[in-house]
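Report on the structure given below.
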Amino acid sequence: MNIEIYTQDDCPPCEFIKNYFRQTSLPFKEKNIKNMTYKIEMIDYDAMSTPLIKIDDQLFYTPDVEAIEKYMETKNV
């Protein structure tokens, strides 16, 4: 399972979802949109705000833990 989180500085929802994944011990890659490459990637996903959570090919445009957990159940995580 590949988890990527597009973030930016001073973003409370970004901190929330990063802490969630840390608590669940699931590794993730943080992609701060200060990096223009990551910003362009995020825009290519039609996302205009952070955090954008990408789990495999599934996108979550909000830090909706319930939806993320339902998705993870389908992947037997």
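Consider a paramagnetic label point 7 Å from the Cα of residue 66 along Cα→Cβ; state which residues of segment 20-55 have an amide N under 12 Å from it. Those under the cut-off are none; the list is empty.
Excluding the sites themselves, what is the longest stretch of the chain that contains no trypsin sites (Lys or Arg not before Pro) in a DSSP loop with at most 14 other C-beta atoms within 10 Å? Maximal segment without exposed cleavage sites: 35-74. Helix 12-23 and the longest principal axis of the Cα set of the chain meet at an angle near 40°.
Using the charge dipole of segment 3-74 (Lys, Arg: +1 at Cβ; Asp, Glu: -1 at Cβ; taken about the Cα centre), state which of 55, 67, 40 has its Cα farthest towards the positive end. With unit charges placed on the Cβ atoms, the residue in question is 40. In plain terms, the chain from residue 16 to residue 35 could stretch by 4.8 nm, reckoned as 0.36 nm per residue minus the Cα-Cα distance.
Evaluated with a Cβ-only charge set (Lys, Arg +1; Asp, Glu -1), the chain carries a dipole of roughly 220 debye about its Cα centre, given to the nearest 20. The calculated FRET efficiency for residue 74 paired with residue 48, based on their beta-carbon distance and R0 = 25 Å, is about 0.40. For Rg and Dmax of the Cα atoms in Å, the value calculated from this model appears in (i) 19.1, 68; (ii) 11.7, 34; (iii) 19.4, 61 under label (ii).
The numbers here are math on the coordinates, done by the rules we state, and not lab data. Please read these numbers as outputs of a predicted model, since none were measured by experiment. Cβ sites come from the backbone with ideal geometry, for glycine too, and all protein chains shown count toward neighbours.
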